[in-house]
Amino acid sequence: MGANFVTARPTRRSALAAGAALAVAPALMSRRAQAADRCVVGTWGGDYARLLRENIDDPILKPKGMEVVQAVGDEAPRLAQLVAQKQLPHGALDVACLGATTGYLASDKELLETLDATKVPNLKNVIPFLKSGAFMPNQFVPHIYSVQGLAYNPITVKDPPKSWEDLLDPRWKGKIGALATAGFWVMQGAALALGGSPTAFDKAKEFLLKLNDNGLHLYAQTDDMAPGFKSGEIEVSIIWLARTVMWQNADFPVAGLVPKEGGIAYVSGMVVPKNAPDKEGAYAYMNALLEPAAQQGFAAHMGYLPTVGNADLTGKIAEQLALPADAKLVQPNYPEAAKVQPEMNDWWLKNITRNG
C-alpha cells in the first residue's frame, strides 16, 4: 500500500521472545474467555476459606454457573502481589481478602477499583457504622467484623474485669492472656481505654508496661489460650469476642464483654484490584458476600457480626452475638494506623514480647 517493509533476520533472542509470547497468549485468551464464569479470590485458608465455599461459592455463585478459584495465602504477600502487579494490564486476582487496615494501605497506593454501586446492589445494606468515606464500602467491602473485648472463665471468675484499668488489679496478677501477634490491636484498645482515642499510643505504652508487670501471658496462637483457661494458667484475656463464641460452640466455658471504655472493631473485607481480569465476576462476588444467608452462615460458625442490616440473627447465635445497647464500638483511625503500625509493632516486640 505504499509502505516500505524491511525483513530482518530473526535473532535467537527475538525468536525466544516470540515463542514466549505465543505460549502466554493462549493462557491469556483462556483466562479472558472464562471471565464471565470464573472468579479468582485471594483468601486466607482454614475455616475462613471453607466457610467462603460453604456460604458464598457453592450455594450462591455455583448455581449461576460461576467457578470460584481460591488462591490461599497470608495477607502480607497478598498485598505485595497487588503492588508488584500494579502496572500489568491484568493481575492474578479478581478479589482480594484483606483486613481493613491493609485495605486502607491498598487504597492509599491506588491499587483498588472504586465499585459501581449499581453492580453491587447489596452495598446499600451495609450498616452505617461500617461506612467510611470513599474507602469503605466503595473500595473496601466489609465482610465480617468483631469487637475487641475481655474474655473470662465464668466458672472461676464471678466478678470479671469490666474495664482495661481493672486488669491492673493484683488479683489478676499472672492470670491475663493476650495474643503475641495482635500487639498493634492490643495497643489500639489500650489507647482507646486510657487516652480516649485509638491513636493515643503514649497512654497505651504507659499502661501496657504496667500490665506486663502484672503478669501478662502471651500466646503464639489464639487456640493456645483455650488450654490456658482450662488449666487455670489464665483467667481473663484480651481477645476478639468472635473467638469466645467459637469456644462456647465447642462447649468450652468462656464468656466475653465489651470494656466500659469501648471496644476496637476488627473488620475483615474484600477489594477488587484495578487490574482484576474479571471485573464482572468480581462484582458478582462482592454482591454475594453481602447476601443475608452468607452473612448469617459466617455469624453462626465464626462468631463474627454481620456487616449488613438485613441479616437478622435468631436463636442461640443471636443471644451470643448480642451487644449491650450502650456498648461503644470504635473503628481504628485507618490513615494513622497504616502510618504508625510498623513503629508500634516494633515497640510491642521490644517492650512486651521480649520482656514477657
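The values are calculated or read from the model by the stated rules, or taken from the named source; none is laboratory data. Small disclaimer: the values here were computed from a predicted structure and weren't measured. Cβ atoms come from the backbone with ideal geometry, glycine included; neighbour counts cover every protein chain shown. To get the accessible areas, we keep the full protein, side chains included, count just its heavy atoms, and leave off ligands, DNA and RNA. Shrake-Rupley method; radii C 1.70, N 1.55, O 1.52, S 1.80 Å.
A few remarks follow.
- Couplings 3J(HN,Hα) for the range 318-334, derived from phi with the Karplus relation 6.51 cos²θ - 1.76 cosθ + 1.60 (θ = phi - 60°), are 5, 5, 5, 9, 5, 9, x, 4, 9, 5, 9, 10, 10, 7, x, 7, 4 Hz, where x marks Gly and Pro.
- Cross-link partners of LYS210 among lysines (Cα-Cα below 29 Å; sequence separation of 8 or more within a chain): LYS158, LYS162, LYS173, LYS175, LYS230, LYS260, LYS328, LYS339, LYS350
- Converting phi to 3J(HN,Hα) with the Karplus coefficients 6.51, -1.76 and 1.60 and the offset θ = phi - 60°, the range 123-137 yields 4, 5, 8, 4, 5, x, 4, 9, 10, 9, x, 6, 5, 10, x Hz in sequence order, with x at every glycine or proline.
- Residues whose placed amide H lies under 5 Å from that of LYS328, excluding near-sequence neighbours: GLY262, GLY263
- Computed over neighbours whose Cβ is under 15 Å from that of ALA191, the net charge equals -1, Lys and Arg +1, Asp and Glu -1.
- Mean ellipticity per residue at 222 nm, deg cm²/dmol - from DSSP H runs of n ≥ 4 across the chain, formula -39500 (n - 2.57): -11500 deg cm²/dmol
- Principal axis extents of the C-alpha atoms in the chain (largest first, rounded to whole Å): 92, 45, 37.
- Taken one residue at a time, the phi angles of the range 271-276 give Karplus couplings (6.51, -1.76, 1.60, θ = phi - 60°) of 9, 10, x, 4, 9, 4 Hz. Gly and Pro are set to x.
- For THR181, THR353, THR114, the ranking by accessible surface with the largest value first comes to THR181, THR114, THR353, using a 1.4 Å probe.
- Other residues with beta-carbon under 9 Å from the beta-carbon of PRO160 carry, at +1 per Lys or Arg and -1 per Asp or Glu, a net charge of -1.
- Neighbour net charge for ASP47 - beta-carbon separation under 14 angstrom, K R +1, D E -1: +1
- Beta bridge orientation in the chain: antiparallel %, DSSP, nearest 5: 60
- Residues whose placed amide H lies under 5 Å from that of CYS39, excluding near-sequence neighbours: GLU67, VAL68, VAL69
- Relative contact order of the chain, defined on C-alpha pairs under 8 angstrom at six or more residues apart (%): 26
- Average accessible area per residue (Å²) across the range 262-339 - probe 1.4 Å, nucleic acids and ligands excluded: 37
- Fraction of accessible area attributable to carbon and sulfur, the chain (%, probe 1.4 Å): 54
- Sequence-distant residues sharing a close amide H with SER197 (under 5 Å, placed H): LEU192
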